[in-house]
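Peer 1: One structure, pasted below without further comment.
Values quoted throughout were computed directly from the atomic coordinates according to the rules given, and no laboratory measurement underlies them. Every value quoted in this text rests on a predicted model; they were computed, and no experiment measured them. Note: ideal-geometry Cβ built from the backbone for every residue, glycine included; neighbour counts use all protein chains shown.
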Amino acid sequence: MAAVERPYPPGDYDVVVVGSGPGGLQSAYCLTRAGVEHLAVISRDDEPAGMFRRFPVFQRLISWTKPQAPVERESREYEWYDHNSLLGDEPGHRGLMPMFMDRSFDVPAREEMEAALRAYVDRTTLRIRYGCTLECVRRAADGLVLETSDGDYRCKVAVFALGVTEAWLPAIPGVEAARHYVDTGRPADYDGKRVVIIGKRNSGFELAQGLLPWAREIALVSPRPVETAVLAHSALRVRYLQPYDEYVRGGFGTYVVDAAIERIERVNGGFRVHAAGTTWPGKLELDGDEVIVATGFRTPLEPLAELDVATVADGRIPAQTPFWESISAPGVFFAGNATQGARGMAKHGAAANSTSVNGFRYNARVLAGHIAEEHLGIRHERPRLERDEVLPLVLAELARAPELWIQKGYLGRALSFGSDGIRDEGIVPLARFVDDAGPDAVAASVETGADGKIVPVLYVRSGGRVDEHVLAPHPLHEFDGADHRAELEGRLKPLLS
Amino acid sequence: MPAETTNVVESLAQLTLFADLTQPRLEEVAHTVGEEVFAEGQRVLRQGMSGGGLFIILDGEAEIVIDGDRRARLGRGDFFGEIAALTGDSPTADVVAATMLRCATVSGPELEGFLLEHPSVMFRMLKAEARRLRAANEWQR
């Protein structure tokens with residue numbers, strides 16, 4: 001390899017970002033834009049784009065980018081139509097994904113995603129120290145020390161964008177003999193074989209669908225029944241429901257079974273999976289030439305072992321505060337897919353879209369502002385608003401803000417009404433707005449209600465007390481009409497008078 | 001690759017609520033419930049705000065706080081949030097993590113289906129509710 005510039009040598013920094021996947025790139029960009037000057041970005045990879053250079057196994061993403069939309073590609077509103085581009089402050093940094101799509105589908109292939117992320121790095125002139133592997137993180141008196149293959153980085157806080165792509169294996173006897181999703185290999189390797197797939201969520205169905213043209217027999221097995229209602233509302237339904245459909249219609253060769261796996265045994269060069277029914281009584285033996293464990297992924301937290309990072313989801317994901325800081329290790333922040341470990345309000349069980357680029361790109365921007373302000377003292381003046389600007393701004397945000405519509409129930413747009421006037425507080429995590437004390441203020445959000453309908457919600461803080469007001473849904477999702485305006489005006493009266 | 005040591009199945013197996021479930025059924029429940037961890041001081045349920053669900057404490061302690069007054073402390077195996085989730089009303093109390101708190105969760109919209117799917121859990125829950133009601137009645141006398 002030719003000698004290339006390697007920026008960010010080991011040393012002292014305010015913030016270190018670890019990772020060059022979409023979470024790391026978005027964090028690095030936003031921290032720079034938030035005014036963080038002493039920033040280092042390191043990655044063990046040799047190129048950007050993280051997981052998209054390996055996964056999904058069957059190539060195509062499940063999140064849409066619509067090359068044609070009713071709004072301009074470089075506008076903020078276009079973000080709602082393009083769930084795969086990273087965010088940019090300047091028009092030339094925005095909406096890059098559609099330029100790289102062959103448009104045979106409205107979801108990109110992963111090499112298209114990789115090309116768009118590479119273009120983002122070029123256009124934004126982001127610098128990354130590649131080939132620098134994080135080995136261990138320890139606490140120092142004034143922050144953290146990141147030991148890497150290139151030497152030590154000292155920093156006040158660190159942002160870990162490590163991905164959620166390490167194999168997670170359940171405690172099943174014999175599981176080590178099977179292969180994990182991450183080691184699936186080529187579809188042609190399964191030509192004419194009987195395949196048992198353990199797992200019935202995204203990756204299990206992705207494999208089953210992808211192997212339908214190759215395998216002789218496919219059985220999907222896991223304890224929990226398929227969530228057809230969830231799948232019906234999911235981007236997965238079109239491409240992943242075919243194996244389920246074949247089973248439900250009856251016949252032989254494709255099976256979707258609810259059973260707990262007792263053990264996996266090697267038999268005559270193949271495998272025998274011993275399973276016990278969960279939603280039905282009895283036991284079952286499933287024979288396969290191959291067993292693939294599609295039981296999910298985890299964040300590789302080994303380098304952080306010394307910091308005792310609390311986790312959720314059976315150890316898969318770090319548990320985080322609403323600002324994506326480890327709940328047990330101060331100064332340790334997360335970005336990217338791992339931000340699903342911050343639950344937020346999660347009213348009625350609805351989670352935000354933090355598991356995909358479209359959601360976590362906003363988390364990264366909010367986090368950058370938080371780190372700059374709270375940890376580095378870089379305070380940005382909040383824009384002042386006139387009284388008559390309040391209602392139009394809140395209504396427009398409820399109707400079209402991509403942050404609110406994509407990170408439903410997690411992010412909101414806040415305005416404060418302090419002694420020095422009305423200020424635009426920007427996008428904030430709702431849980432912090434609701435739980436923290438502060439001046440009179442309102443936060444507007446878009447949420448999924450108890451009945452599954454999308455509703456606008458206002459949180460009004462007045463005299464130290466926060467009240468929730470759930471506004472009416474609208475069949476066309478028009479939250480900026482006369483009725484909503486009238487209700488908003490009434491709810492904000494105490495703050496505007 | 002090492003398997004996880006403290007998994008949700010093992011935690012659930014130790015709780016009275018799930019005492020009647022067979023091992024396969026327990027695994028199915030472990031795959032159905034969510035797992036959440038809260039930092040000390042974090043609010044888990046919010047008085048007067050919609051949403052919520054059933055929370056079952058796996059580790060740690062929580063406090064029930066009404067209008068700022070601490071009313072009760074809950075520990076491992078205790079559950080909360082089910083009344084608001086079943087009635088569709090807002091919680092009548094804050095529930096705040098008193099230590100680091102790990103819970104298994106079932107969201108409000110999923111609770112009815114979850115209980116109907118697992119009648120032995122529903123029966124154990126009903127017994128616990130009956131004991132709470134009797135304790136409240138005795139306290140009022």
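Peer 1: Read phi for every residue in region B:68-83 and hand back ³J(HN,Hα) as whole Hz from Karplus 6.51 cos²θ - 1.76 cosθ + 1.60, θ = phi - 60°, with x for Gly and Pro.
Peer 2: x, 8, 6, 10, 7, 10, 10, x, 4, x, 6, 9, 8, x, 6, 5
Peer 1: I've got another one for you. Run the reach check for residue A:200 against lysines, Cα to Cα strictly under 25 Å, same-chain hits fewer than 8 apart removed. What comes back?
Peer 2: Leaving aside lysines fewer than 8 places away in the same chain, those within reach of residue A:200 are A:283.
Peer 1: Please check chain A for the longest run free of GluC sites (Glu not before Pro) that are loop-located per DSSP (anything but H, G, I, E, B) and have at most 16 other Cβ atoms within 10 Å. Show your work: numbers first, answer last.
Peer 2: Values: sites that count: A:5, A:37, A:72, A:74, A:227, A:381, A:386, A:478.
It runs A:228-380.
Peer 1: Something else: How much length is gained if the chain between residue A:385 and residue A:373 is pulled fully straight, taking 0.36 nm per residue apart and subtracting their Cα-Cα distance, in nm to one decimal? Write down the numbers at each step before the final one.
Peer 2: Numbers: separation 12, 0.36 × 12 = 4.32 nm, distance 2.11 nm.
Full-extension gain reported as 2.2 nm.
Peer 1: Now a separate question. Scan around residue A:12 for amide H atoms under 5 Å from its own, H built in the peptide plane at 1.01 Å from N, and keep only partners 5 or more places away or cross-chain.
Peer 2: Here A:154 satisfy the definition.
Peer 1: Where both residues lie in the protein assembly as shown, what percent of DSSP beta bridges are antiparallel, nearest 5? Walk me through the numbers on the way to the answer.
Peer 2: Values: 85 of 116 bridges.
Percent antiparallel among DSSP bridges in the protein assembly as shown is about 75.
Peer 1: Please report the spacing between the Cα centers of region A:320-389 and region A:12-79 in Å, no decimals.
Peer 2: What the calculation gives is 15 Å, centre to centre.
Peer 1: Working out 0.36 nm times the residue gap between residue A:71 and residue A:302, then minus their Cα-Cα distance, what length gain in nm do you get to one decimal?
Peer 2: Working: separation 231, 0.36 × 231 = 83.16 nm, distance 4.41 nm.
This chain segment gains 78.8 nm when fully extended.
Peer 1: Which of the listed residues, A:175, A:195, A:280, is farthest toward the dipole's positive end in region A:169-295, when Lys, Arg count +1 and Asp, Glu count -1 at the beta-carbon?
Peer 2: Value: A:280.
Peer 1: Extending each Cα 7 Å along its Cβ direction at residue A:12 and residue A:188, get the distance between those two points in nm, one decimal.
Peer 2: Between residue A:12 and residue A:188, the simple spin-label model gives 5.7 nm.
Peer 1: Once you treat every alpha carbon in region A:384-496 as an equal point and sum by Debye, what is log10 I(q)/I(0) at q = 0.11, 0.14, 0.21, 0.22 Å⁻¹?
Peer 2: With one equal scatterer per Cα and no solvent, log10 I(q)/I(0) is -0.30, -0.49, -1.16, -1.29.
Peer 1: Let me ask you something else. Please give the length that would be gained between residue A:228 and residue A:265 if that part of the chain were fully extended, namely 0.36 nm times their separation in residues minus their C-alpha to C-alpha distance (nm, one decimal).
Peer 2: Numbers: separation 37, 0.36 × 37 = 13.32 nm, distance 3.06 nm.
So the chain would gain 10.3 nm between residue A:228 and residue A:265.
Peer 1: What net charge do the residues around residue A:484 carry, taking every other residue with its C-beta under 11 Å from that of residue A:484, with Lys and Arg at +1 and Asp and Glu at -1?
Peer 2: -3
Peer 1: Lys/Arg Cβ at +1, Asp/Glu Cβ at -1, dipole of region B:8-133 taken about the Cα centre: which of B:114, B:34, B:79 is farthest positive-ward?
Peer 2: The residue sitting farthest along the positive end of the dipole is B:79.
Peer 1: Give me a single rounded figure for B:20-31: the average over its residues of other chain Cβ atoms within 10 Å of their Cβ.
Peer 2: Working: counts 0, 0, 5, 4, 15, 7, 3, 10, 10, 3, 5, 13.
What the average comes to for B:20-31 is 6.
Peer 1: Based on the alpha-carbon gyration tensor of the protein assembly as shown, what equivalent-ellipsoid semi-axes (square roots of 5 times the eigenvalues) come out, in whole Å, largest first? Walk me through the numbers on the way to the answer.
Peer 2: Details: eigenvalues 273, 228, 125 Å².
The three semi-axes for the protein assembly as shown are 37, 34, 25 Å.
Peer 1: In a shell of Cβ-Cβ distance under 10 Å around residue B:38, excluding residue B:38 itself, what net charge do Lys and Arg (+1) and Asp and Glu (-1) give? Mind showing how you got there, number by number?
Peer 2: Values: positive: A:343, B:43, B:102; negative: B:36, B:40.
Residues near residue B:38 contribute +1 overall.
Peer 1: Quick check: the distance between the Cα centres of region B:52-90 and region A:470-497, to the nearest angstrom?
Peer 2: 32
Peer 1: Starting from the amide H of residue A:148, placed 1.01 Å from N in the peptide plane, find each other amide H under 5 Å away whose residue is 5 or more places distant or on another chain.
Peer 2: Placed amide hydrogens put A:135, A:153 under 5 Å from residue A:148.
Peer 1: Please give the net charge around residue A:446, taking every other residue with its beta carbon less than 13 angstrom from that of residue A:446, where Lys and Arg add +1 and Asp and Glu add -1. Let's see the in-between values first.
Peer 2: Values: positive: A:347, A:400, A:408, A:413, A:453; negative: A:397, A:403, A:447, A:478, A:480.
Residues near residue A:446 contribute 0 overall.
Peer 1: Against the longest alpha carbon principal axis of chain A, how many degrees, from 0 to 90 and to the nearest 10, is the axis of helix A:357-370 turned?
Peer 2: That helix lies at roughly 40 degrees to the long axis.
Peer 1: Right, another one. Over the Cα atoms of region B:69-129, what Rg and Dmax result, in angstrom?
Peer 2: Cα only, region B:69-129: 12.5, 37 Å (Rg, Dmax).
Peer 1: Mind listing the long-range amide H neighbours of residue A:410? Cut-off is under 5 Å, sequence gap 5 or more, other chains count too, H placed in the peptide plane at 1.01 Å from N.
Peer 2: Result for residue A:410 returns nothing.
Peer 1: Taking beta carbons within 10 Å but only from partner chains, what does the mean come to for residues A:323-333?
Peer 2: Numbers: counts 0, 0, 1, 1, 8, 4, 0, 0, 0, 0, 0.
For this peptide, the per-residue mean of nearby foreign Cβ atoms is 1.
Peer 1: Restrict the search to region A:165-269; then list the trypsin sites (Lys or Arg not before Pro) that DSSP places in a loop and that have at most 14 other Cβ atoms within 10 Å of their Cβ. Show your work: numbers first, answer last.
Peer 2: On the way: sites: A:179, A:193, A:194, A:200, A:201, A:216, A:237, A:239, A:249, A:263, A:266; in loops: A:193, A:200, A:201, A:216, A:249.
Filter output for region A:165-269: A:216, A:249.
Peer 1: If you find the alpha carbon centre of region A:103-131 and of region A:177-196, how far apart are they in angstrom?
Peer 2: If you average the Cα positions of each part, the centres end up 29 Å apart.
Peer 1: Which three extents, in angstrom, do the Cα atoms of region B:8-133 have along their principal axes, listed largest first?
Peer 2: Taking the Cα atoms of region B:8-133, the three principal extents are 42, 28, 25 Å.
Peer 1: Rank B:123, B:79, B:38 by mean-square fluctuation in a GNM of chain B with C-alpha springs under 10 angstrom and give only the top-ranked residue.
Peer 2: B:123
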